[in-house]
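Student: Let me begin by handing over the structure; questions about it come next.
The values are calculated or read from the model by the stated rules, or taken from the named source; none is laboratory data. Fair warning: this is a prediction, and the values are worked out from it, not measured in the lab. Because the Cβ atoms are built from the backbone with ideal geometry, glycine has one as well, and the counts that use them run over all protein chains shown.
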Amino acid sequence: MKEATDNQKEPRGVTLIDYEIHEVVPYVNWLYFFSAWDFPARYGSVAQTDGCPSCRARWVASFPDAEQTKAGEAMKLFDDAQAMLHELEAKGLHTHALVALFDARSRGDDIVLTDAEGRETVVPTLRQQGTGQAECLCWADFVVPEGMGRKDTVGVFATSADEAIEQLHPDDAYRHMLCQTLADRLAEATAERMHEEVRRRIWGYAADERLSIGEMLQEKYVGRRPAIGYPSLPDQSLNFVIDRLLSMERIGVRLTASGAMRPHASTSGLLLAHPRARHFAIGHIGDDQLRDYAQRRGMPVETLRKFLAANLT
């Protein structure tokens, strides 16, 4: 792991961390890897056999007879993935993270971030609006409101895997797809590893945390890491806000006109420490909230209608 200090980078206050492949592999969530290959997530438990032959035999035998052939295929896929990870390591490929912490306060449904020079950046968030919900949440609910007389902190992050990983073995469809699916998992694993370091050291709000990686993957830590483009932050164009704060090109990330990240093996989002913070899905929103959100984003309603089409149908 290589971490840049403040005087080595721009913008000020952003921490850049480069990871070697073996440093993030333990944080890979294999359930999602197997889902990407259309295997039921339960086959991801093969990662817990630790290469022990008798353990692997017992693992296959734990499935019903009708599923044992499929389990064997999953084991072969896992073995191929391990071999590919060793290849990526041997090629000197890496993953990367950017993270910055800001003084923060909420203003209605907006999160207002203030940097070391006193410049403000507004991160508008959406609120659940569906009927039949006990609560109608938005991420601003987990940030201290302005006027309370005390500070809060919110983090912003981005992670990526070297784009070269996605481009390996272009003449071998199976190995090429293996690289692509592993790259996605490595970018997510990097976010998991980075978040642990934020909680315990960079931010330090949970300096005494002692969780296993399995417990981290079950999100048993304090705080949450909502990612842009996911159900609680569905507006992909928020990546332009994140980019202004972090300069994501420093880890090889480019944004399309719609805010999609390239390479595909990239993630971005917010870091919150509120002990009651939890994930949720925005779901359907009304035209009233769309117009209010567009005003807060400073963007045309029709542009945001395209970004939020799934939440408007």
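Student: Among (1) touching a helix residue (DSSP H, G or I) at 6+ places or on another chain (Cβ under 9 Å); (2) assigned to a loop (DSSP other than H, G, I, E, B); (3) surrounded by fewer than 20 Cβ atoms within 10 Å (Cβ to Cβ); (4) among the hydroxyl-bearing types (Ser, Thr, Tyr), which single condition is residue 303 missing?
Tutor: (2)
Student: Tell me which residues, restricted to segment 128-139, are in a loop (DSSP other than H, G, I, E, B) and touching a Leu at 6+ places or on another chain (Cβ under 7 Å).
Tutor: Correct list: 128, 138.
Student: Can you pull out the residues in segment 249-298 that are under 20 Å from residue 140 (Cα atoms), under 16 Å from the mean Cα position of the chain (by Cα), surrounded by fewer than 17 Cβ atoms within 10 Å (Cβ to Cβ) and of a type outside the set (Lys, Arg)?
Tutor: If the condition is that a residue be under 20 Å from residue 140 (Cα atoms), under 16 Å from the mean Cα position of the chain (by Cα), surrounded by fewer than 17 Cβ atoms within 10 Å (Cβ to Cβ) and of a type outside the set (Lys, Arg), then 279, 281 are the ones that fit.
Student: Sort out for me the helices (runs of 4 or more DSSP H) sitting completely within segment 30-108 that have 1 or more residues that are within 25 Å of the chain's Cα centre (by Cα) and surrounded by 20 or more Cβ atoms within 10 Å (Cβ to Cβ).
Tutor: Ranges flagged: 30-36, 68-90.
Student: Here is a further query. Looking at (1) touching a helix residue (DSSP H, G or I) at 6+ places or on another chain (Cβ under 8 Å); (2) touching a residue at least 60 places away in the same chain (Cβ under 8 Å); (3) surrounded by 18 or more Cβ atoms within 10 Å (Cβ to Cβ), which one does residue 129 not meet, given that it meets all the others?
Tutor: Tallying (1) touching a helix residue (DSSP H, G or I) at 6+ places or on another chain (Cβ under 8 Å); (2) touching a residue at least 60 places away in the same chain (Cβ under 8 Å); (3) surrounded by 18 or more Cβ atoms within 10 Å (Cβ to Cβ), residue 129 fails exactly one: (3).
Student: Scan 24, 14, 28, 46 and give me the residue that is free of Cβ contacts under 8 Å to residues at least 60 places away in the same chain and among the aliphatic types (A, V, I, L, M).
Tutor: 46
Student: Still on this structure: Quick check on segment 112-126: of everything there that is more than 21 Å from residue 284 (Cα to Cα) and either of a type in the set (Asp, Glu) or touching a helix residue (DSSP H, G or I) at 6+ places or on another chain (Cβ under 8 Å) (or both), which residue is surrounded by the most Cβ atoms within 10 Å (Cβ to Cβ)?
Tutor: Per the stated criteria, the residue is 113.
Student: Counting only residues that are under 23 Å from residue 211 (Cα atoms) and polar (S, T, N, Q), how many does segment 152-199 have?
Tutor: 3
Student: Name the one entry in 214, 204 that is over 14 Å from the mean Cα position of the chain (by Cα), assigned to a helix (DSSP H, G or I) and more than 25 Å from residue 311 (Cβ to Cβ).
Tutor: 214
Student: Further, regarding this structure: Does residue 121 qualify as being outside any helix (DSSP H, G or I), touching a strand residue (DSSP E or B) at 6+ places or on another chain (Cβ under 6 Å) and more than 28 Å from residue 262 (Cα to Cα)?
Tutor: Judged against the criteria, residue 121 is not a match.
Student: Now, a different point. If you check residue 174 against the conditions, is it touching a helix residue (DSSP H, G or I) at 6+ places or on another chain (Cβ under 7 Å), aromatic (Phe, Trp, Tyr) and either over 25 Å from residue 17 (Cβ atoms) or at pLDDT 95 or above (or both)?
Tutor: no
Student: For segment 140-198, how many residues are at positive phi and not in a loop (DSSP other than H, G, I, E, B)?
Tutor: 0
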